[in-house]
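Here the structure comes first, spelled out in structure tokens, and everything after it is commentary.
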Amino acid sequence: MLSSLPSTSARRKPLSSLLSSPSLLALTLAGGVSLPAAAQMSDTIHPYVSLAYSYDDNLLRLPDSFKAVYGSLADHTRTAVVGVQLEQTFGRQQVTADVSASRVTFDRFDQYNYNGKNGKVTWLWRLGNYLDGKLGASYDETLTPFNDFHTEERNLRKQRGYNAEGGWRFHPSWRVRGGVSSSKYDYELDIQKVLNRDVTATVVGLDYYATTGSTIGLQARREKGDYTNPPTLGSFVFNEDYTQDELKLKVFWRIGEVSQLEFLGGHARRKHALNSLGDPSGANGRITFTWSPLATVQLVAAARREFDAYEGSGINYTLTKGASLDANWTPTAKILVRGSLRQYKREFGAGNGTVVLPPNLTDDTKGASLGVTYSPRERIQLGVSVSREKRTSDSNFSYSYRTNGAAVNATIQF
């Protein structure tokens, strides 16, 4: 929620200054035309640059009533990204990496300007014909979204992740697998450091492989969340640590040449360290159906019912029920059209293990987006997109809001 009232010193640049700035798209096109035909540095290392200019008519995700305080909730954003991708194969081993740095600036709410960092490396390993797996690490430093937490001060979120998994194909039709993962979240603002947490998970499973390429299996998973800076009241500590145990069916069904179904679902129970009165349990999982009726068309429908972390104040998780539909269309080799519809409902009534909340505290979010990407050359992409989102809230943990946005972007890979 809103951590502080807005000051009257929020700066606003006139429209004339925006119009007098160089055209992002024109600069990118000029740079793209001057690229040599063989701009790729090597077969394994791929540097790239990306520029984006976007508009959002409700950057802070607040109700319309706040316009009387701020004057306007709209803003223009510029994003510049420099990165490098790596793809390397050593015998039967494959290593991929993507590391980038970004600079994000806002015209009106320029106190949020920040430098972002992102990195991911993955090693797909294989030993002999029966042992294989994956090792990975990731890092992400970005501005915390405004959907659930609102403040005039900049609040960066750092996320570090590690994972290791492996499997043994002890029979042509059977594979046993296991893995561990760890994620660490740190927030810049003192007021949100109560959400600093370490999340670790372990999973074991057994899968059956059919001759058709489909698989079915069973997996058990345990997730532990440790909040490293819990809120306090005097000498009392609101310990929000939790353990979540899951037993799920895992299915990959190759229905035919043009469709497939993925399902991971079953039962989950979440237990909190301090108080068991708010502990939830029940069905938990997600399902995804992919259909490609034509070589140029792909439709992906998904639905889920899962516990999610909550980045506001007062509770640490929600039960989210949602569905989405994504469509990709490539009318030519150089044009990609993407559309997306999504809706999800969050329930806050389960409490957080510390308190038990009254029932029927929910919010409902609906969104849609449409974008077109044009590739005049193999390693040049130009894009334009529009989006809309609306949230209706019946709880004190989130605001009702609506927002519309548009963006243009360009990426060049060397």
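The values are calculated or read from the model by the stated rules, or taken from the named source; none is laboratory data. Everything numeric in this text was worked out from a predicted model, so none of it was measured. When we count neighbours, we look across all protein chains shown, and the Cβ atoms used for this are built from the backbone with ideal geometry, even at glycine.
The lone criterion from (1) within 25 Å of Arg388 (Cα to Cα); (2) hydroxyl-bearing (Ser, Thr, Tyr); (3) surrounded by 15 or more Cβ atoms within 10 Å (Cβ to Cβ); (4) touching a strand residue (DSSP E or B) at 6+ places or on another chain (Cβ under 6 Å) left unmet by Thr105 is number (3). Hey, does region 189-196 have a residue that's buried (at least 17 other Cβ atoms within 10 Å of the Cβ) and in a strand (DSSP E or B)? No - not one qualifying residue is present in region 189-196. Answer with yes or no whether Tyr130 is surrounded by fewer than 17 Cβ atoms within 10 Å (Cβ to Cβ) and touching a Gly at 6+ places or on another chain (Cβ under 7 Å). Judged against the criteria, Tyr130 is not a match. The residue that is surrounded by the fewest Cβ atoms within 10 Å (Cβ to Cβ), counting only those in region 108-127 that are more than 21 Å from the chain's Cα centre (by Cα) and basic (Lys, Arg), is Arg126. Please specify each residue of region 53-96 satisfying the condition of being more than 22 Å from Ser385 (Cβ to Cβ), under 22 Å from the mean Cα position of the chain (by Cα) and not aliphatic (A, V, I, L, M). Gln85, Thr96 - these are the residues of region 53-96 that are more than 22 Å from Ser385 (Cβ to Cβ), under 22 Å from the mean Cα position of the chain (by Cα) and not aliphatic (A, V, I, L, M). Residues that are of a type in the set (A, V, I, L, M) and closer than 19 Å to Lys224 by Cα were ranked within region 139-182; the one that is surrounded by the fewest Cβ atoms within 10 Å (Cβ to Cβ) is Val180.
Quick check on my filter: what residues within region 357-401 are surrounded by fewer than 16 Cβ atoms within 10 Å (Cβ to Cβ), closer than 18 Å to Ala323 by Cβ and among the hydroxyl-bearing types (Ser, Thr, Tyr)? Across region 357-401, the qualifying residue is only Thr392.
Among the criteria (1) modelled with pLDDT under 95; (2) over 18 Å from the mean Cα position of the chain (by Cα); (3) over 19 Å from Ile287 (Cβ atoms), the one Leu195 does not fulfil is (2). In region 389-414, the residues that are more than 21 Å from Leu51 (Cα to Cα) form Cβ pairs under 9 Å with partners that are of a type in the set (A, V, I, L, M) and assigned to a strand (DSSP E or B), at six or more places apart or across chains, as follows: Glu389/Ala368; Tyr399/Leu2. Please specify each residue of region 141-186 satisfying the condition of being among the aromatic types (Phe, Trp, Tyr) and modelled with pLDDT of 95 or more. Residues satisfying the conditions are Tyr162, Trp168, Phe170, Trp174, Tyr185. Summed over region 234-257, the residues that are among the hydrophobic types (A, V, I, L, M, F, W, C) and under 20 Å from Tyr310 (Cβ atoms) give a count of 2. Taken over region 93-129, the criterion of being of a type in the set (Gly, Ala, Ser) and assigned to a strand (DSSP E or B) is satisfied by Ala97, Ser100, Ala101, Ser102, Gly116, Gly119. For region 307-317, the criterion of being of a type outside the set (Ser, Thr, Tyr), surrounded by fewer than 16 Cβ atoms within 10 Å (Cβ to Cβ), modelled with pLDDT of 95 or more and under 27 Å from Leu361 (Cα atoms) is met by none of the residues.
Take the conditions (1) assigned to a strand (DSSP E or B); (2) of a type in the set (A, V, I, L, M, F, W, C); (3) farther than 30 Å from Arg175 by Cβ; Ile315 misses just one of them, which is (1). A single entry from Gly178, Gly167, Gly133, Gly161 fulfils the requirement of being under 26 Å from Leu247 (Cβ atoms) and either among the hydroxyl-bearing types (Ser, Thr, Tyr) or within 23 Å of the chain's Cα centre (by Cα) (or both): Gly161.
For a quick check of your reading: which helices (runs of 4 or more DSSP H) sit entirely within region 1-86 and have at least 1 residues that are loosely packed, with under 14 Cβ neighbours inside 10 Å, in contact with a His (Cβ under 7 Å, 6 or more places away or on another chain) and modelled with pLDDT of 85 or more?
Answer list for region 1-86: none.
No other residue among Thr151, Thr144, Thr122, Thr105 is within 26 Å of Gly213 (Cα to Cα) and of a type outside the set (D, E, K, R) apart from Thr122.
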